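The values are calculated or read from the model by the stated rules, or taken from the named source; none is laboratory data. Being a predicted model, the structure only gives us computed values, none of them experimental. Here the Cβ is made from the backbone with ideal geometry for all residues, glycine too, and neighbour counts use every protein chain on show. Please note that ligands, DNA and RNA were not included when accessible areas were found on the heavy atoms of the full protein model with its side chains. Shrake-Rupley method; radii C 1.70, N 1.55, O 1.52, S 1.80 Å.
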Amino acid sequence: MSGIGSIRPRAALKIGVIGHRRGAALSATDALLHSQIVAILRNILKVLNEIRSSQAARQFYRDEPPALAVISSLASGADCIGAKAAIDEGIALDAILPFPLEAYSFDFLESGQPSAITDLEHVRGWLAANKIRSTLTLPQVRIPSPGDNSAAYELAGRILLDQSDLILAIWNGGESGGRGGTRRLIDRAVRRGTPVIHLDSAGENVPRLLWAGLPEIGVRGTINNECEVEDLLALKVPVFESSTATREFLDMLRFLAEPPCELSDKAVAANEQQRHSSDPLLRSGAETFARDRAALADYLADSATMSLQNLNRMVADIRVMISPFGQSRTPPETPAKLIERMLEAFAAADTLAIRHARWFRLAVRFIFACAGLALVFAVLGHAHDSVGWRISFAAAEFTALTAMAGAAWWGRRRSWHRRWIDAREVAEQLRLTAVFWTLGLWPWSITLRDERDRWIERYVRAYMREQSLCGDADNAPWSIQSARAALIQLVRAQIGYHQKSRFEMEARAHKYTLASTILLGCVLVILGAFVLGHFWASLAHALLALAPHSWFEWAERLLPVLTTTVAAISFGAFGLKTTLDFEGVAERSARSAARLEDQLCQLEKFDGNVRELHAFAANLAKIMLEDLRNWRLQAESRVLDMPG
């Protein structure tokens with residue numbers, strides 16, 4: 001495990017390569033395309049290094065050189081051209097094979113192109129020499145020619161898109177040859193906001209940028225969801241002009257790789273201007289930005305002081321879930337070591353969430369206790385005749401109120417509530433991400449939609465970019481059974497968490513309700529006894545002319561104190577139950593557990609192929625993400641405040 005100060009992501013980007021297979025035209029432009037890809041990769045690394053050297057990046061990223069990886073399906077032609085460029089430049093290469101290599105080899109052999117045979121020899125050599133960092137081999141059956149394998153290619157292409165920040169597409173500009181074809185993958189990438197660099201397979205045009213975040217088609221720094229490929233092709237935005245990277249290309253890379261805008265001096269200056277605006281919406285946005293900036297600073301400061309030497313138990317369950325995956329023979333950046341970084345970040349976030357939640361709940365209880373004491377002291381002061389005692393009780397009341405206000409002020413100053421919520425969301429996103437890694441996909445898109453996306457999204461996605469592809473132990477083909485088993489364990493763990501939360505919250509709600517009811521009943525009994533005693537004393541005085549006993553005078557003095565004290569404790573217990581929303585949490589946990597139990601039932605009966613498992617996992621991710629969002633909304637409503 002890493003030591004103190006290392007719980008930060010690494011500046012990284014993942015570049016996917018897609019395009020046409022070998023043909024006479026592509027073979028003629030092989031060298032040109034290779035040189036264009038090399039130039040693009042070098043410029044990306046240059047920009048990453050510039051970003052990494054900024055003050056904001058030094059706060060957000062680990063003190064390590066930026067990491068760049070190329071993802072390829074290693075098909076003959078464009079895929080191998082991109083893979084060779086990565087290997088020649090010493091850049092990490094991850095491979096997604098639609099079939100085991102023995103079956104995949106027939107794709108090369110059946111093409112009839114001598115250059116395709118050369119590509120196959122390169123692939124075998126790269127695998128034998130451990131030039132490929134990680135290989136995800138999909139357990140699909142190849143249909144011999146002239147059978148249709150487009151569904152298998154489409155799945156490999158979708159996984160590649162899910163894993164990539166940027167796509168290099170070697171494309172002739174024509175329509176797709178079928179499912180999983182180049183044009184269809186480009187369309188999908190553009191719709192989801194993933195930048196595409198179009199390299200003309202004929203070599204007649206310079207590389208051009210196709211990106212839905214270009215300012216010519218929308219608001220600068222925001223992805224236009226309605227953009228089409230034809231709109232971008234018409235812009236003809238070049239990647240280079242006279243061998244120099246264009247502004248659009250550089251802006252796109254900064255959009256992808258820069259740390260959250262909360263750390264940007266430029267964004268801070270713009271936000272300061274909005275704070276003094278006459279527009280209430282701008283002022284509200286500025287206040288939200290300031291809170292988010294403070295929250296990010298708090299999280300980075302907290303995680304920088306943590307040592308994870310004793311936190312192995314925090315990630316033990318996740319290690320069991322993903323244990324069949326991630327082994328590799330390629331040091332030092334094996335999949336197992338890379339995913340370990342994400343697990344360390346999860347353990348840190350989980351520990352911070354537990355710590356801040358305890359402080360927050362302790363502060364709430366302390367505030368209610370001080371409020372009750374203040375009320376008791378106030379009543380005691382009024383009930384006592386001695387001036388000295390009244391002053392003493394007044395001083396005690398003042399102390400209790402001061403302590404209550406001080407606890408509320410200190411809790412808000414320390415932001416225990418916000419720090420708890422943020423750390424818990426980071427932990428849950430990282431936990432889901434680590435398990436979904438075994439499927440070769442992510443529970444949420446790696447592509448950002450807006451340069452103002454929340455820092456939590458950028459933090460988690462930075463860890464996603466750092467990961468290689470998963471694979472079964474000992475480089476065996478990836479198996480549906482292992483991935484399905486990991487999902488089942490994840491869902492069971494989530495159900496167990498919700499059930500435990502439900503039972504704990506119901507028990508706490510019952511405990512506080514019972515205490516409040518018993519104490520309130522005691523107040524009623526005391527008042528009833530006093531009324532009966534007063535009635536009896538009045539009756540005795542009227543009928544027997546007996547003077548009231550001295551104990552009755554003491555009872556009159558003590559009654560307000562006693563009833564007020566017991567009632568204060570009763571109302572305090574009820575207020576704590578309401579403030580901490582035990583019953584609401586229990587109800588939401590029960591609802592979430594029921595939804596997940598339905599998913600678990602379907603998953604345990606699952607007997608489909610890898611494409612169907614991916615579709616099921618995508619739906620499961622939506623459910624879990626919705627649960628996480630709902631939890632955050634209800635948790636944000638429980639602020640630390642004075643009771644009233």
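Things to note:
- Apart from one condition, E226 fits all of (1) surrounded by fewer than 19 Cβ atoms within 10 Å (Cβ to Cβ); (2) in contact with a helix residue (DSSP H, G or I) (Cβ under 7 Å, 6 or more places away or on another chain); (3) among the acidic types (D, E); the exception is (2).
- Residue count for region 423-440, restricted to those that are within 18 Å of I488 (Cβ to Cβ) and not charged (D, E, K, R): 9
- Residue satisfying all of: in region 626-642; part of a loop (DSSP other than H, G, I, E, B) and among the hydrophobic types (A, V, I, L, M, F, W, C); farthest from V435 (Cα to Cα) among these: M642
- Test: residue in region 56-77 that is surrounded by fewer than 17 Cβ atoms within 10 Å (Cβ to Cβ), out of contact with any Lys or Arg (no Cβ under 9 Å at 6 or more places or on another chain) and within 23 Å of E258 (Cα to Cα): no
- Residue in region 99-121 that is of a type in the set (D, E) and open to solvent by less than 10 Å² (accessible area, probe 1.4 Å) present: yes
- Selection status of L138, under 23 Å from Q467 (Cα atoms), surrounded by 17 or more Cβ atoms within 10 Å (Cβ to Cβ) and at pLDDT below 90: yes
Results for (1) among the β-branched types (V, I, T); (2) in contact with a Cys (Cβ under 7 Å, 6 or more places away or on another chain); (3) within 20 Å of G572 (Cβ to Cβ); (4) open to solvent by less than 40 Å² (accessible area, probe 1.4 Å), shown as yes or no for each residue.
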{"residue": "F360", "(1), (2), (3), (4)": "no, no, yes, yes"}
{"residue": "F366", "(1), (2), (3), (4)": "no, no, yes, no"}
{"residue": "G372", "(1), (2), (3), (4)": "no, no, yes, yes"}
{"residue": "D385", "(1), (2), (3), (4)": "no, no, no, no"}
{"residue": "E397", "(1), (2), (3), (4)": "no, no, yes, no"}
{"residue": "W416", "(1), (2), (3), (4)": "no, no, no, yes"}
{"residue": "W420", "(1), (2), (3), (4)": "no, no, no, yes"}
{"residue": "V426", "(1), (2), (3), (4)": "yes, no, no, yes"}
{"residue": "Q429", "(1), (2), (3), (4)": "no, no, no, yes"}
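- Residue in region 11-27 that is at pLDDT 90 or above and surrounded by fewer than 16 Cβ atoms within 10 Å (Cβ to Cβ) present: no
- Across region 122-135, the qualifying residues are those that are hydrophobic (A, V, I, L, M, F, W, C) and open to solvent by 40 Å² or more (accessible area, probe 1.4 Å), and the one among them that is nearest to T182 (Cα to Cα) is L127.
- Residue in region 614-625 that is open to solvent by less than 80 Å² (accessible area, probe 1.4 Å), under 17 Å from S501 (Cβ atoms) and either modelled with pLDDT of 85 or more or assigned to a loop (DSSP other than H, G, I, E, B) (or both) present: yes
- Selection status of R179, touching an Asp or Glu at 6+ places or on another chain (Cβ under 6 Å) and at pLDDT below 90: yes
- In region 322-371, the residues that are within 22 Å of the chain's Cα centre (by Cα), in a helix (DSSP H, G or I), small (G, A, S) and modelled with pLDDT under 85: A336
- Residue list for region 580-595, restricted to those being open to solvent by less than 50 Å² (accessible area, probe 1.4 Å) and either in a helix (DSSP H, G or I) or polar (S, T, N, Q) (or both): L580, F582, G584, V585, A586, S589, A590, S592, A593
- Which listed residue is over 23 Å from R22 (Cα atoms) and modelled with pLDDT of 95 or more, from I37, I44: I44
- Those residues of region 66-118 which are among the charged types (D, E, K, R), in contact (Cβ under 8 Å) with a residue 24 or more places away in the chain and more than 24 Å from W437 (Cα to Cα), in sequence order: K84, D88, E89, D107, E110
- When region 241-299 is filtered for residues that are within 30 Å of I37 (Cα to Cα), open to solvent by 30 Å² or more (accessible area, probe 1.4 Å) and out of contact with any helix residue (DSSP H, G or I) (no Cβ under 7 Å at 6 or more places or on another chain), the ones remaining, listed by number, are E241, S242, S243, T244, R247, E248, D251.
- Residue in region 448-462 that is farthest from A297 (Cα to Cα), counting only those that are open to solvent by 10 Å² or more (accessible area, probe 1.4 Å) and modelled with pLDDT under 80: R449
- Considering (1) in contact with a strand residue (DSSP E or B) (Cβ under 9 Å, 6 or more places away or on another chain); (2) assigned to a helix (DSSP H, G or I); (3) exposed (fewer than 15 other Cβ atoms within 10 Å of the Cβ), the lone condition that A189 does not fulfil carries the number (3).
- Qualifying residues in region 476-515 (those that are open to solvent by less than 80 Å² (accessible area, probe 1.4 Å) and of a type in the set (S, T, N, Q)) - the one farthest from P98 (Cα to Cα): T513
- Considering residues of region 132-151 that are touching a Leu at 6+ places or on another chain (Cβ under 7 Å) and of a type in the set (A, V, I, L, M, F, W, C) only, the residue farthest from I96 (Cα to Cα): I132
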